[in-house]
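The next block holds one structure in the form of C-alpha cells; read it before the comments.
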C-alpha cells in the first residue's frame with residue numbers, strides 16, 4: 001500500500017474507534033486552500049478537529065510528536081476556514097490527536113491550543 005492508502009486506512013480505523021467513544025464524525029479529510037483536517041467531529045458540545053498520526057513502531061518517535069508547531073498552525077488555519085464556511089465561529093472547539101503506534105491507539109484530547 002502507498003502512504004496515502006495507509007493513511008486513509010488508519011483514519012477510517014480512528015473514526016470507528018472515536019465513534020465508539022461517543023464522537024459523532026461530521027467530516028473526513030476536510031480540505032481547503034488553507035490546509036486539511038483528517039477528521040471533524042462533535043462530542044460533548046464541542047466541535048473537535050482531529051489529526052490522526054500513525055507509526056509502525058516507536059523507532060521514529062511517538063506519532064503525536066509529528067504534530068509540530070508548523071502542523072498545529074496549518075490545522076488552525078484550516079479549522080478557521082471550516083468554522084467560517086459553516087457559520088460556526090461561536091461554536092466551542094478543540095484539537096485532538098489520535099496516535100496509532102502498532103496496535104496501540106491513544107486519543108489525546110485538547111492536544112494543543114492556538
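Read-outs: derived from the displayed coordinates by stated rules, not from any lab. Small disclaimer: the values here were computed from a predicted structure and weren't measured. Neighbour counts run over all protein chains shown; Cβ positions are idealised from the backbone, glycine included.
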- Query: What's the FRET efficiency of residue 113 with residue 2 using the Cβ-Cβ distance as r and R₀ = 22 Å, to the nearest 0.05?
  - Reply: 0.05
- Note on the structure: When 88, 18 are ranked with the fewest other C-beta atoms within 10 Å first, the list becomes 88, 18
- Query: Any idea what log10 I(q)/I(0) is at q = 0.29, 0.32 Å⁻¹ for the range 1-50, Debye with uniform C-alpha scatterers and no solvent?
  - Reply: -1.10, -1.19
- For the chain, report the translational diffusion coefficient in µm²/s to the nearest whole number, using Stokes-Einstein at 4 °C, 1.567 mPa s, and a Kirkwood Rh over Cα pairs. 91 µm²/s
- Helical contribution to [θ] at 222 nm, DSSP H n ≥ 4, -39,500 (n - 2.57), averaged over the chain, rounded to 500: -10500 deg cm²/dmol
- Residues of the range 6-37 with amide N under 17 Å of a point placed 7 Å along Cα→Cβ from residue 56: 6-10
- Antiparallel bridges, percent of DSSP beta bridges restricted to the chain (to nearest 5): 65 percent
